[in-house]
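Enquirer: I have a structure I would like to understand better, so I am pasting it below and will then ask my questions one at a time.
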Amino acid sequence: MTQSTSTPPRAISDTPRAAAVVVAAGKGLRAGQPLPKQFANWRGKPVLRHSVEALAAAGIAPICVVIPENAGPVAREALSGIAGVIFTAGGETRQESVRLGLEILAGSQPEHVLIHDAARPILPQAVIARLLTALEHHKGAIPALPVVDSLAHSEPGAHGARMGASARREDLRRIQTPQAFRFTEILNAHRAWEGPASAGDDAQVAQAWGCDIALVEGDEALHKLTYSHDFTPAAPPMRVGTGFDVHQLEEGEDLWLCGVKIEHTHGLAGHSDADVAIHALVDALLGAIAAGDIGQHFPPSDARWKGASSDRFLAHAASLVAQAGYALGNADVTIICEAPKIGPHRDAMRARLAEILGVDLQLVSVKATTSEKLGFTGRREGIAAQAAVSLVRI
């Protein structure tokens, strides 16, 4: 295989007519999906549709999609509305499936063909352009990436595999698809293939036929979906949640704010201790991980929570955040009331919230404001609180 020159890729629309074979005939059992992985939903649409849309957008036509026997209905539904798509059933091996796809395309006589694995859904337009440009000077071209990890051969040992000779990573590349070829060359190569039934890829088949294969720059986005975790949505590095709560002030009730008991003429009424600030913070944490609200976890209809200390609610929300794989980035609580004065208690409130959450004091902010004597808080009928949190992935 040779390294392609650094000639800038020309616009895809200027390239000679190219078709494509998309190999989607496998069972995809390792992905743990209820149907073959190429038809499973990934990021809002079937895996297969992602790359076929990318090929169609690049002006590649026709696109022959090789599918399992009897998978026509699900395949047509997955690719509905995309022009230039044709289907054919695959063979017993990938190599045979590719050959069958190429035979279907032979009637349209394309100059070039891209052969792509459906399990690589993200197909950048720049990779397509680089491959087609390389075909101006080579009979085949494949996207490749350098190997960054150290490598070694594995050898059998008495108690399992052991390290053998080292391999030079500088001499090795990770090969991706689509792989591009001059159509006549790759069709003849597949027709003449006498190697193993499980040919590694089409470049191997073409090289055995005598084609020179250029290496062009691949893309990490061309990752192949293989295992069940590949279908699990990636957790975002940061999440944000907000919360808001209100409780009525009544004589004879204790006043709890941010886990601190404050001496006052009135306290907050509620099913639990009615700590309005903690309740707002709990809702912010639950909202950040899309885990509902405080009423779902601690319904007021449940007698267990009658008069309960709200620090239990906050500790529970914090544990759910940790289970979701996140840690608190910061918490900001605002208490809205005319009285009592919050300033003298602010440090104690911050310390108590940090203690319950198990975080550094610097991650917790408590502040207060009035409503300028407007509304129910202005009339001292109740206290409101709002909270905002950020979470970071751990």
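Enquirer: Go through (1) in contact with a Lys or Arg (Cβ under 6 Å, 6 or more places away or on another chain); (2) of a type outside the set (A, V, I, L, M, F, W, C); (3) on the phi > 0 side of the Ramachandran plot for Gly307 and report which single condition fails.
Expert: Going through the list (1) in contact with a Lys or Arg (Cβ under 6 Å, 6 or more places away or on another chain); (2) of a type outside the set (A, V, I, L, M, F, W, C); (3) on the phi > 0 side of the Ramachandran plot, Gly307 breaks only (1).
Enquirer: Tell me whether the range 320-332 contains one or more residues that are under 19 Å from Gly270 (Cβ atoms) and surrounded by 14 or more Cβ atoms within 10 Å (Cβ to Cβ).
Expert: If we filter the range 320-332 for residues that are under 19 Å from Gly270 (Cβ atoms), which is where we start, we get none.
Within the range 320-332 (the criterion being under 19 Å from Gly270 (Cβ atoms) and surrounded by 14 or more Cβ atoms within 10 Å (Cβ to Cβ)), the answer is no, since none of the residues qualifies.
Enquirer: May I ask you to list the residues in the range 252-278 that are part of a loop (DSSP other than H, G, I, E, B) and of a type in the set (A, V, I, L, M)?
Expert: The first filter runs over the range 252-278 and keeps only residues part of a loop (DSSP other than H, G, I, E, B), leaving 252-254, 258-259, 263-265, 270-275.
If the condition is that a residue be part of a loop (DSSP other than H, G, I, E, B) and of a type in the set (A, V, I, L, M), then Ala274 is the only one that fits.
Enquirer: Does Arg168 satisfy being surrounded by 20 or more Cβ atoms within 10 Å (Cβ to Cβ), among the basic types (Lys, Arg), over 19 Å from Gln207 (Cβ atoms) and within 34 Å of the chain's Cα centre (by Cα)? Lay out the reasoning, then the answer.
Expert: Numbers: surrounded by 20 or more Cβ atoms within 10 Å (Cβ to Cβ): no; among the basic types (Lys, Arg): yes; over 19 Å from Gln207 (Cβ atoms): yes; within 34 Å of the chain's Cα centre (by Cα): yes.
So Arg168 does not fit the description; no.
Enquirer: Could you list all residues from the range 276-310 that are surrounded by 14 or more Cβ atoms within 10 Å (Cβ to Cβ) and among the polar types (S, T, N, Q)?
Expert: Ser309, Ser310, listed by residue number.
Enquirer: Before we move on, is Ala387 farther than 17 Å from Ile262 by Cα, surrounded by fewer than 21 Cβ atoms within 10 Å (Cβ to Cβ) and modelled with pLDDT of 95 or more?
Expert: On the way: farther than 17 Å from Ile262 by Cα: yes; surrounded by fewer than 21 Cβ atoms within 10 Å (Cβ to Cβ): no; modelled with pLDDT of 95 or more: yes.
When the stated conditions are applied, Ala387 does not pass them.
Enquirer: Which of the following residues is among the aliphatic types (A, V, I, L, M) and part of a helix (DSSP H, G or I): Ile356, Ile335? If you could, list the steps in order and put the result at the bottom.
Expert: Working: Ile335 fails: part of a helix (DSSP H, G or I).
Unique residue meeting the criteria: Ile356.
Enquirer: What do you reckon, is Ser51 at pLDDT below 80, crowded, with 17+ Cβ neighbours inside 10 Å and closer than 30 Å to Asp171 by Cβ?
Expert: So Ser51 does not fit the description; no.
Enquirer: Next up: As an exercise: evaluate Asp347 against (1) farther than 21 Å from Gly287 by Cβ; (2) surrounded by 14 or more Cβ atoms within 10 Å (Cβ to Cβ) and give the number of the one condition it does not meet.
Expert: Only one criterion in (1) farther than 21 Å from Gly287 by Cβ; (2) surrounded by 14 or more Cβ atoms within 10 Å (Cβ to Cβ) is unmet by Asp347, namely (2).
Enquirer: With the requirement that a residue be touching a Phe, Trp or Tyr at 6+ places or on another chain (Cβ under 9 Å) and either small (Gly, Ala, Ser) or part of a loop (DSSP other than H, G, I, E, B) (or both), what does the range 65-94 give you? Give the derivation first.
Expert: Of the range 65-94, the ones touching a Phe, Trp or Tyr at 6+ places or on another chain (Cβ under 9 Å) are 65-67, 71-72, 74-79.
Ala71, Gly72, Ala75, Ala78, Leu79 - these are the residues of the range 65-94 that are touching a Phe, Trp or Tyr at 6+ places or on another chain (Cβ under 9 Å) and either small (Gly, Ala, Ser) or part of a loop (DSSP other than H, G, I, E, B) (or both).
Enquirer: Quick one: which strands (runs of 3 or more DSSP E) sit completely within the range 103-182 and have at least 2 residues that are in contact with a strand residue (DSSP E or B) (Cβ under 6 Å, 6 or more places away or on another chain) and under 15 Å from Lys224 (Cα atoms)? Working first, answer last.
Expert: On the way: elements: 112-117, 140-146, 151-157, 160-167, 173-175, 179-182.
Counting at least 2 such residues, we get 112-117, 140-146, 173-175.
Residue-wise test of (1) loosely packed, with under 14 Cβ neighbours inside 10 Å; (2) in a loop (DSSP other than H, G, I, E, B); (3) touching an Asp or Glu at 6+ places or on another chain (Cβ under 9 Å); (4) among the charged types (D, E, K, R).
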{"position": "Ala208", "(1), (2), (3), (4)": "no, no, yes, no"}
{"position": "Ala214", "(1), (2), (3), (4)": "no, no, no, no"}
{"position": "Ala221", "(1), (2), (3), (4)": "yes, no, no, no"}
{"position": "Thr226", "(1), (2), (3), (4)": "yes, yes, no, no"}
{"position": "His229", "(1), (2), (3), (4)": "yes, no, no, no"}
{"position": "Pro233", "(1), (2), (3), (4)": "yes, yes, no, no"}
{"position": "Thr242", "(1), (2), (3), (4)": "no, no, yes, no"}
{"position": "Val246", "(1), (2), (3), (4)": "no, no, no, no"}
{"position": "Glu250", "(1), (2), (3), (4)": "no, no, no, yes"}
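Enquirer: Are any of the residues in the range 100-108 free of Cβ contacts under 8 Å to residues at least 60 places away in the same chain and among the charged types (D, E, K, R)?
Expert: Within the range 100-108, the first condition is being free of Cβ contacts under 8 Å to residues at least 60 places away in the same chain, and the residues that meet it are 100, 104, 107.
Imposing the further condition that a residue be among the charged types (D, E, K, R) reduces the set to none.
No; the residues of the range 100-108 include none that is free of Cβ contacts under 8 Å to residues at least 60 places away in the same chain and among the charged types (D, E, K, R).
Enquirer: Here's another thing I want to ask about it. For the range 279-312, name all the residues that are hydrophobic (A, V, I, L, M, F, W, C), in a helix (DSSP H, G or I) and within 25 Å of Pro237 (Cα to Cα). Give the derivation first.
Expert: Our first condition is that a residue be hydrophobic (A, V, I, L, M, F, W, C); within the range 279-312, this holds for 280-282, 284-286, 288-291, 294, 298, 303, 305, 308.
Filter again for in a helix (DSSP H, G or I), leaving 280-282, 284-286, 288, 294, 303, 305.
If the condition is that a residue be hydrophobic (A, V, I, L, M, F, W, C), in a helix (DSSP H, G or I) and within 25 Å of Pro237 (Cα to Cα), then Ala280, Leu281, Val282, Ala284, Leu285, Leu286, Ala288, Ile294 are the ones that fit.
Enquirer: Let me ask you something else. Tell me whether the range 363-375 contains one or more residues that are part of a helix (DSSP H, G or I) and touching a residue at least 40 places away in the same chain (Cβ under 8 Å).
Expert: So in the range 363-375, the residues part of a helix (DSSP H, G or I) come out as 363, 375.
When the remaining residues are screened for being touching a residue at least 40 places away in the same chain (Cβ under 8 Å), the result is none.
So far as the range 363-375 goes, no, none of its residues is part of a helix (DSSP H, G or I) and touching a residue at least 40 places away in the same chain (Cβ under 8 Å).
Enquirer: Additional query: Kindly indicate whether any position in the range 113-130 is touching a Leu at 6+ places or on another chain (Cβ under 9 Å), of a type outside the set (Val, Ile, Thr) and over 15 Å from Thr177 (Cβ atoms). Show your work before the answer.
Expert: Filtering the range 113-130 down to residues touching a Leu at 6+ places or on another chain (Cβ under 9 Å) leaves 113-116, 118-124, 127-128.
From the residues that got through so far, the ones that are of a type outside the set (Val, Ile, Thr) too are 114, 116, 118-121, 123-124.
Remaining after also requiring over 15 Å from Thr177 (Cβ atoms): none.
No, that holds for no residue.
Enquirer: For residues in the range 162-186 being touching a Pro at 6+ places or on another chain (Cβ under 7 Å) and not aromatic (Phe, Trp, Tyr), which is farthest from Ala19 (Cα to Cα)?
Expert: In this case the residue turns out to be Arg173.
The values are calculated or read from the model by the stated rules, or taken from the named source; none is laboratory data. As the structure is a computational prediction, the values presented were derived from the model and not from experiment. Neighbour counts are summed over all protein chains in view; Cβ atoms, including those assigned to glycine, are modelled from backbone coordinates with ideal geometry.
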